[in-house]
Amino acid sequence: MDTLTRLEATIAQRLMASPEESYVAKLHAKGLNKIAQKLGEEATETVIAALAGDDKELVGEAADVIFHLMVLLAEKGVKLEQVLAELDRREGLSGLEEKASRSE
């Protein structure tokens, strides 16, 4: 958890940096649509790596997904603790029960 907390803080700092000095700032300058697009690209690359059976590549792509998801959350002003609280809320529910509760 410390890794994600540190990453969240780093991303928050880099949102304010110059786009010439920071990848996060560069994405931020391009806006939410570009950040969302990048997350989608990384998710697709993760699926491809998983299906290819290359664990090392999968690990790298999974890290990219988490990073870009956290950039998206920061862009939207959503804190990691909010996502974790939602996961805590769902703990102990079956996936089928949780999904059914969303449609009610």
Listing of helices (runs of 4 or more DSSP H) fully contained in the chain that carry 2 or more residues being surrounded by 14 or more Cβ atoms within 10 Å (Cβ to Cβ) and of a type in the set (A, V, I, L, M): 2-15, 23-30, 32-52, 55-76, 80-90
Can Ala50 be described as touching a Pro at 6+ places or on another chain (Cβ under 6 Å) and of a type in the set (A, V, I, L, M, F, W, C)? no
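Can you tell me which residue within segment 77-104, out of those that are of a type in the set (Asp, Glu) and more than 25 Å from Asp2 (Cβ to Cβ), is modelled with the lowest pLDDT?
Within segment 77-104, the subset of a type in the set (Asp, Glu) is 81, 86, 88, 91, 97-98, 104.
Adding the requirement that they be more than 25 Å from Asp2 (Cβ to Cβ) leaves 97-98, 104.
Numbers: Glu97: 69, Glu98: 63, Glu104: 59.
So the residue we want is Glu104.
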Scan segment 16-23 and give yes if some residue there is in contact with a Lys or Arg (Cβ under 9 Å, 6 or more places away or on another chain) and within 25 Å of Glu86 (Cβ to Cβ), otherwise no. no
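The values are calculated or read from the model by the stated rules, or taken from the named source; none is laboratory data. Since the structure is predicted, the reported quantities are computational estimates derived from the model, not experimental observations. Cβ atoms come from the backbone with ideal geometry, glycine included; neighbour counts cover every protein chain shown.
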